[in-house]
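Asks: Got a structure for you, written out below as structure tokens; questions coming shortly.
The values are calculated or read from the model by the stated rules, or taken from the named source; none is laboratory data. Treat the numbers as computed from the prediction; the structure is a model and nothing was measured. Cβ atoms come from the backbone with ideal geometry, glycine included; neighbour counts cover every protein chain shown. For accessibility, only protein heavy atoms count, side chains too; no ligands or nucleic acids. Shrake-Rupley method; radii C 1.70, N 1.55, O 1.52, S 1.80 Å.
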Amino acid sequence: MTDTLLQTKLYLPPHRPSSISRPRLIQKLNTGLNNTLTLISAPAGFGKTTIIADWIHNSQFVVPYSQFAWLSLDEYDDDPNRFWQYVVAALQTSTSQLGASTQQLLTATPLPPPPALLTGLLNELAQLAQPIILVLDDYHLIADPTIHDGLAFLLDHAPPLLHLVLITRADPPLPLPRLRARGQLNEIRAADLRFTLAETAVFLRESMGLSLSTADVAALESRTEGWITGLYLTAVSLQGRADKSDFVSRFSGSHQYILEYLTEEVLNQQPDDVQTFLLQTSILSRLSAPLCDAVTGRSDSQTILEQLQRQNLFITPLDDGRSWFRTHHLLADLLHNHLRLTATPDQLHTLHGRASLWCEEREMWETAVSHAIASEDWRRVADLVTKAHRPLMAQGHVATWQRWLGQIPALLIQARPALHMRQAWAIFLKGDVLQAETMLLAARESLLALPPSPEQQALRGELAAYLATAAFFREDPAQVIQAAEEALACLPPEAITARARATSALGLGVSLAGDTRRALGLFQETVTLARTGRNPFFLAHALEVLADGQFHTAQLRQSAATCREIIALGTENRAAPLPFAGNGYLKLAAIYVEWHELAQAEEAVATGLALNQQGGIGYNTLQDLCTQVRLRQALGDEAGALAVLHQAEEAARRNLSRITAVQMASCAVQFWLYVGDVGTAAAWAEARPLFGAPLPLAELPVIAQEVQQVSLARIALAQNRPDGVLEIYECLYPQAQAAGRMSRVIEMGLLAALAHQMKGETAVALDTLRPILALTLPQGYTQTFVELGTPMAQFLRQLPASEQTDSVQTLINTLPDAAPAPVDAWVEPLSPRELDVLRLIAAGLSNQQITVELTVSLNTVKKHTTHIYDKLGVNGRTQAIARARELHLI
């Protein structure tokens with residue numbers, strides 16, 4: 001990544017032999033090393049950069065500080081990704097691998113929030129053998145609040161081995177009051193930086209070689225107020241004058257007046273060709289001889305730059321080889337203003353156009369576009385921004401690219417389909433799916449109107465992949481499939497990542513349409529392509545989709561292995577885990593819950609949530625919350641499960657769709673059945689609490705229809721309506737089995753087996769159960785059986801002895817204890833929580849004591865006891881205990 005960065009920004013400014021010793025400031029800087037931050041804040045021209053550079057050059061900072069990192073910021077760095085790329089690159093000039101974990105995160109789109117982005121870097125800084133000083137020069141050029149937030153996080157959590165120095169013209173929006181209150185802030189301001197009378201005398205007489213009287217020195221110090229740039233320009237103006245005292249006596253005015261006056265004085269002393277050179281190159285933030293030759297049309301720029309540098313006029317070298325220079329910021333502004341006043345608009349546009357062309361030829365995209373914008377050649381700007389899209393996206397400079405788009409006239413963008421569709425995708429990434437899809441369709445019409453060519457075909461493929469993703473969010477499988485297949489037909493073989501994205505979209509589309517087996521194959525193909533592309537973030541996403549597919553096709557062990565690969569991808573050989581590992585942990589937690597390995601599930605949930613929070617990852621929020629509800633139920637934590645269920649409902653409402661509604665309803669149905677509230681569960685089975693009316697089954701995608709049908713079957717079983725269960729079973733089971741949706745097959749098969757048992761059809765029930773056991777036992781399914789409670793335990797015990805394998809016995813031992821009950825004694829099943837309450841009643845505990853034992857409210861206990869009495873057909877505690885013993889429930 002550092003190959004794409006301008007290395008001269010990382011160089012410490014060269015030492016100036018004319019610099020004077022300033023021990024009082026050096027002492028203040030050294031004392032400040034005990035703090036986290038040194039803030040050098042003063043207007044332009046006060047020598048802020050010079051004093052820090054001299055401090056470092058002379059190794060005047062105190063032991064144990066022995067290493068530093070320097071970054072000179074410019075206006076292009078007001079992009080979070082670019083800013084942190086340069087910060088890491090600066091640190092690596094001192095320690096080569098420092099910040100490697102953050103570098104990997106910088107390829108993500110969007111960029112992770114500060115905790116995820118910088119935690120690894122902070123951990124690496126904390127492990128350094130020696131402290132380090134990080135200097136950020138010209139921080140006033142940074143305005144992006146995301147960057148300020150990141151730097152604030154870094155300051156709040158900075159290890160003792162890091163000292164940050166900020167050089168700025170204005171105080172940044174950082175938590176300075178908090179740092180000041182904690183004693184972590186060292187401040188050096190204009191009053192500290194001003195030359196004293198003694199320093200003024202040394203500077204004018206020794207550094208600048210002027211013979212001035214004490215009175216003249218005092219007058220200049222007083223009139224400039226120790227302002228270093230003013231004194232410097234005064235000294236340049238005085239050189240060669242015979243009437244020095246007369247000049248000093250007439251010298252007065254404000255800083256701005258003095259600067260303009262002295263700049264004019266110094267500029268007029270230069271030969272005409274040098275004046276022209278300085279004015280024409282004032283449009284450049286950095287100067288090199290080839291660039292200056294291109295802009296000015298001359299061939300002697302190297303000679304002029306060396307001459308100016310020898311005379312210590314206007315420019316400062318940026319590297320030891322004297323290849324790159326910059327003009328002093330203040331002087332550059334004034335020279336540029338002078339150029340604007342004296343040059344015609346056409347002349348200015350020509351200069352910027354030449355600079356833009358030179359930078360484009362060297363793929364210096366940001367500078368090229370900046371000059372093109374200044375030249376007001378909007379067609380060229382649009383063409384450049386189109387060319388710069390891929391390299392900038394590869395470097396993660398999304399904000400810069402989007403900012404350019406905002407400056408180009410809309411009609412020019414719309415006339416360029418490639419630019420138009422990428423602008424639409426940027427809007428999609430912000431969350432506006434409808435507007436993005438409208439723009440994508442408009443771009444598609446423009447693209448189709450172009451003559452056929454390989455480039456047009458590749459653009460069609462890219463656009464089709466965007467449309468496929470947008471269609472998936474609208475739950476339109478036909479459109480997803482059509483767009484994804486078009487993308488794959490158009491994209492060339494070498495477009496590996498684009499083809500992988502299109503393949504993933506096609507898998508999601510066919511999954512939405514119900515072809516689960518084909519979808520799983522496509523997800524595996526996506527992973528294969530993603531491995532070739534060497535993009536860990538996209539590979540992790542491809543593995544996530546594959547793990548989900550494996551889970552829903554009852555391949556729990558394969559899914560667990562895929563989850564562990566995600567975790568390894570984000571954790572192995574890294575100083576800190578990458579955020580996407582969080583999804584690996586959370587998907588693995590869902591498998592641990594099914595395996596009834598609850599301690600491992602809790603640990604995986606905690607780790608996964610922490611990583612997701614750090615990374616700002618939330619696209620699986622509802623799925624993750626449903627896993628947690630199921631885990632809390634398995635642990636017997638009713639209150640905890642209910643609290644998480646409410647969070648899940650809020651998440652579903654924020655991004656409400658038919659699929660999220662059905663997913664939420666399934667989770668809610670199982671919870672309310674668990675606590676014995678069949679009425680609330682029945683309302684949720686049709687998603688009434690979300691829509692205020694039943695969600696029509698026929699309007700749902702096939703996979704969502706099946707989830708809702710399983711929920712309705714659970715309600716029918718709880719309401720003692722076995723025929724209702726079997727009616728759903730006859731429709732759903734063969735359809736899900738044919739498509740390979742084995743998780744639905746397992747759920748529906750178990751419910752149907754219990755329904756047959758409820759009807760007294762034991763032989764049929766066992767025949768229904770056997771294929772389900774063949775699917776589930778090798779994969780370790782447990783919690784699905786546990787959630788069906790005592791009736792399932794009773795039923796499993798009725799398997800013939802020859803079928804009571806070790807796996808079956810292990811499963812039975814995990815379920816609630818119960819002996820087989822006579823068929824004619826069958827009652828509506830009690831939920832696991834109702835069984836808990838029943839056992840405590842039998843133990844003689846009062847309702848109030850039960851609330852303490854189960855950590856639930858008194859109303860909840862009363863509700864459970866009412867449900868128990870109704871199901872057992874009794875009128876009180878004594879009858880309930882007797883009936884429960886008769887049924888071997890206790």
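Asks: I'd like the distance between the alpha-carbon centres of segment 280-354 and segment 654-707, rounded to an integer number of Å.
Replies: 68 Å
Asks: Count charges around LEU118 for me, please; just the other residues with Cβ under 13 Å from its Cβ, Lys/Arg as +1, Asp/Glu as -1.
Replies: Net local charge, LEU118 excluded: -3.
Asks: Taking a cut-off of 27 Å between Cα atoms, list the lysines near LYS48, but don't count ones fewer than 8 places away on the same chain.
Replies: LYS9, LYS28
Asks: I've got another one for you. DSSP loop (so not H, G, I, E, B), at most 11 other Cβ within 10 Å: list which GluC sites (Glu not before Pro) in segment 559-594 pass both filters. Don't jump to the answer; show the numbers that get you there.
Replies: Values: sites: GLU565, GLU572, GLU594; in loops: GLU572.
Sites meeting the loop and neighbour criteria: GLU572.
Asks: If you don't mind, there's one more thing I want to ask. Taking only Cα atoms, what is the 0 to 90° angle, nearest 10, from helix 417-429's long axis to the longest principal axis of the chain?
Replies: It is inclined by approximately 60 degrees.
Asks: For the residue pair ALA190 and ARG564, what label-to-label distance in nm results when each label sits 7 Å from Cα along the Cα-to-beta-carbon direction?
Replies: Those two pseudo-labels are separated by 6.5 nm.
Asks: Under a Cβ-Cβ cut-off of 14 Å, what is the net charge of the residues other than THR805 that fall near it, where Lys and Arg count +1 and Asp and Glu count -1?
Replies: Value of the local net charge: 0.
Asks: Oh, and also: Please give the contour-minus-distance gain from SER446 to VAL202: 0.36 nm per residue of separation, less the Cα-Cα distance, rounded to one decimal in nm.
Replies: Length gained between SER446 and VAL202: 80.9 nm.
Asks: If you don't mind, there's one more thing I want to ask. Taking all protein chains together and a probe of 1.4 Å, list LYS244, LYS862 from the most accessible to the least accessible.
Replies: I get LYS862, LYS244, largest accessible area first.
Asks: Under the rule of -39500 (n - 2.57) per DSSP H run of 4 or more residues, summed and divided by the residues of the chain, what mean residue ellipticity at 222 nm is obtained, to the nearest 500 deg cm²/dmol? Let's see the in-between values first.
Replies: Values: 48 runs with 577 residues, N = 890.
About -20000 deg cm²/dmol.
Asks: Just to confirm a number: summing +1 for Lys and Arg and -1 for Asp and Glu over residues other than ASP216 whose beta-carbon lies under 14 angstrom from that of ASP216, what do you get?
Replies: On the way: positive: ARG205, ARG223, ARG241, LYS244, ARG250; negative: GLU221, ASP243, ASP246.
Summing Lys and Arg as +1 and Asp and Glu as -1 gives +2.
Asks: Kindly identify segment 618-738 as rounded, prolate or oblate by the Cα gyration tensor criterion: order the square roots of the eigenvalues as a ≥ b ≥ c, call it rounded if a/c is under 1.5, otherwise compare a/b with b/c, prolate if a/b is larger, else oblate.
Replies: Note, shape of segment 618-738 comes out oblate.
Asks: Order the peptides 805-815, 357-367 from the highest to the lowest mean number of other Cβ atoms within 10 Å of their residues.
Replies: Answer by packing, highest mean first, reads 357-367, 805-815.
Asks: Helix 496-513 versus the longest principal axis of the chain: what angle, 0 to 90°, nearest 10, using Cα atoms?
Replies: On a 0 to 90 degree scale, this one is about 30.
Asks: Hey, another quick one. Taking the chain as the reference, fit the longest principal axis to its C-alpha atoms, fit the long axis of helix 621-634 to the helix C-alpha atoms, and give the angle between the two in degrees, 0 to 90, nearest 10.
Replies: In the chain, helix 621-634 runs at an angle near 40 degrees to the longest axis.
Asks: Moving to a separate point now. Order 884-890, 662-668 from most to least packed using the mean count of other Cβ atoms within 10 Å.
Replies: Ranking the peptides 884-890, 662-668 by packing returns 662-668, 884-890.
Asks: Also, quick follow-up: Determine which aspartates and glutamates satisfy two conditions relative to LYS863: a Cα distance under 18 Å, and not lying fewer than 8 residues away in the same chain.
Replies: ASP637, GLU638, ASP677, GLU828, GLU834, ASP836, GLU853
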